[in-house]
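Structure first, commentary second.
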Amino acid sequence: MSPGEKSLGELVRELRERQGLTQAQLAERAQLALSYITLAESGQKVNLSPSALGRLARALGVPSKVLAEPEK
């Protein structure tokens with residue numbers, strides 16, 4: 001990964017912190033288990049369905065495409 005590219009976890013953390021949200025608050029907004037947020041931000045592979053990815057993107061205020069293709 002080059003310096004300008006971010007993993008999904010790095011991107012989620014950055015977007016969440018910009019909004020001043022805790023992981024628990026983001027999980028609640030996205031209607032996802034806190035464990036998904038924690039694992040994703042720690043760099044673990046998590047299986048998010050397209051609908052879960054969409055909920056996460058909406059909770060972060062970004063288009064789904066931003067999270068679906070974080071390295072582009």
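The values are calculated or read from the model by the stated rules, or taken from the named source; none is laboratory data. Here the structure is a predicted model, which is why all the values come from computation and not from measurement. Here Cβ is always computed from backbone atoms with ideal geometry, including for glycine, and neighbour counts include all displayed protein chains. These area figures cover heavy atoms from the full protein model, side chains too; ligands, DNA and RNA do not enter into them. Shrake-Rupley method; radii C 1.70, N 1.55, O 1.52, S 1.80 Å.
Tallying residues that are in a loop (DSSP other than H, G, I, E, B) and more than 12 Å from the chain's Cα centre (by Cα) within segment 1-20 yields 7.
If you go through segment 21-60 and keep only what is more than 10 Å from the chain's Cα centre (by Cα) and of a type in the set (Val, Ile, Thr), you end up with 22, 46. Filtering segment 54-68 to residues that are at pLDDT 90 or above, open to solvent by 60 Å² or more (accessible area, probe 1.4 Å) and in a helix (DSSP H, G or I) leaves 55, 58, 65.
Residues in segment 1-23 that are without any contact (Cβ under 8 Å) to a residue 40 or more places away in the chain and crowded, with 17+ Cβ neighbours inside 10 Å: 9, 13, 21, 23.
Any residue at all in segment 43-53 that's loosely packed, with under 11 Cβ neighbours inside 10 Å, in contact (Cβ under 8 Å) with a residue 40 or more places away in the chain and either out of contact with any helix residue (DSSP H, G or I) (no Cβ under 8 Å at 6 or more places or on another chain) or outside any helix (DSSP H, G or I) (or both)? For segment 43-53, residues loosely packed, with under 11 Cβ neighbours inside 10 Å, in contact (Cβ under 8 Å) with a residue 40 or more places away in the chain and either out of contact with any helix residue (DSSP H, G or I) (no Cβ under 8 Å at 6 or more places or on another chain) or outside any helix (DSSP H, G or I) (or both): absent. Looking across segment 24-42, the residues that are open to solvent by 20 Å² or more (accessible area, probe 1.4 Å), outside any loop (DSSP other than H, G, I, E, B) and more than 15 Å from residue 61 (Cα to Cα) come down to 24, 34, 35, 36, 38, 39.
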